[in-house]
Structure formats: C-alpha cells, structure tokens
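To start, the structure under review is shown below, and the notes come after it.
The values are calculated or read from the model by the stated rules, or taken from the named source; none is laboratory data. These numbers come from a predicted model, not from an experiment. Please note: Cβ atoms are built from the backbone with ideal geometry, for glycine as well, and neighbour counts cover all protein chains shown.
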Amino acid sequence: MIDTIPLPFTADPIDAPFWEATLRSQLVVQQCAGCQAHRFPPRPMCPQCQSLDHRWRPLSGDATVWSYTKPQPPLLPAFELLLPYVVVLAQVAEDPHIRIIGHLMSKDGGITGVDEAGLKIGAKLRVAFRQHASDVSIPGWVLVD
Ligand SMILES: [Zn+2]
C-alpha cells in the first residue's frame, strides 16, 4: 500500500533545474532561446520552433486561479489522509499559456481544510513551497487577500 504521496524524481536532467529552484523557493520555467516562448512542464524541445536551446526564467510567483477542484474518494490512501483539500490550476502572471497545478495552501503551509473564502476563477494567488524531502519541495498556491 502506498502511504505517502508520490514524489517527483528530481534528478532528471530535463527538469532538475526546476526542482533545484523550488528548493530555493523560486519558481522557474523554460524560455526558448529561439522564439522566446515559455514552456511548462519542462521538456527538451520547443513545441513552437523545435529549438533545443533554452534558459530558465525566474517567475514572480504571482498567478490567478484558472481552475480548481476538490478531490473526492476514491483516492490513493496518502491523498485521502489529506482530505478535504483543493487542487488549483494557476495561470502565472508572466504568461497566460503557462499553468501550474498545485495544492491550495494556507499561509502557514497547510493543505488540509484550507479556508476557501475568496476561491473563484480569476482569484489572485501567490506561490508557496512545501518541502516533502531533502531534495523535494513542491510548489502550491496561497490565496492573496
Ligand atoms: Zn521556440
């Protein structure tokens, strides 16, 4: 039985810089060196111009709610232990095409039973990070008053 939430493999060379940035509480996305398009999740080739060259662009951490859901059982046991919680699809401020999924978090980093007052499409969010292991910090989202 799986009793902890599945954690990402953070040593893959394609997305390792993303996970290294999260350990510094920084959100980054790839930016194509050819056409300047942002892309997320990380991948080796630009889907717009097929360039293999990119840089990692830091983001402000500001976003808005593009969508959200409240998961219901049946879930993996580790996720059932977190109920009730909300999963947010956040549209980052720098690019409306970049959307990053994460838990809705309280200001103190909690996931379970977060106050949902103000949660709606378009609500302002700020990225937050929750450390799950020495090499894994996962971004989530806090509602901005
Ligand atoms: Zn490109």
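A few remarks follow.
- Extreme residue, surrounded by the most Cβ atoms within 10 Å (Cβ to Cβ), among residues of segment 119-132 that are more than 10 Å from LEU23 (Cα to Cα) and either modelled with pLDDT under 95 or within 13 Å of the chain's Cα centre (by Cα) (or both): LEU125
- Filter pass, PRO73 being of a type outside the set (A, V, I, L, M), free of Cβ contacts under 8 Å to residues at least 24 places away in the same chain, closer than 27 Å to LEU143 by Cβ and touching an Asp or Glu at 6+ places or on another chain (Cβ under 8 Å): yes
- Residues of segment 8-23 that turn out to be within 14 Å of GLY140 (Cα to Cα) and exposed (fewer than 13 other Cβ atoms within 10 Å of the Cβ), as a count: 0
- Restricting segment 25-43 to residues that are within 12 Å of the ligand (Cβ to nearest atom) and assigned to a loop (DSSP other than H, G, I, E, B), the residue that is nearest to the chain's Cα centre (by Cα): ARG43
- Segment 82-96 residues that are in contact (Cβ under 8 Å) with a residue 40 or more places away in the chain, paired with ones that are of a type in the set (Lys, Arg) (beta carbon under 7 Å, 6 or more apart): ALA90/ARG99
- Here PRO17 meets each of (1) within 16 Å of the ligand (Cβ to nearest atom); (2) in a helix (DSSP H, G or I); (3) not aliphatic (A, V, I, L, M) with one exception, condition (1).
- Of all residues in segment 84-97, none satisfies being surrounded by 15 or more Cβ atoms within 10 Å (Cβ to Cβ) and either modelled with pLDDT under 95 or farther than 22 Å from VAL144 by Cα (or both).
- Leading residue by the ranking (farthest from the ligand (Cβ to nearest atom)) among those in segment 47-66 that are among the hydrophobic types (A, V, I, L, M, F, W, C) and under 16 Å from GLN31 (Cβ atoms): LEU59
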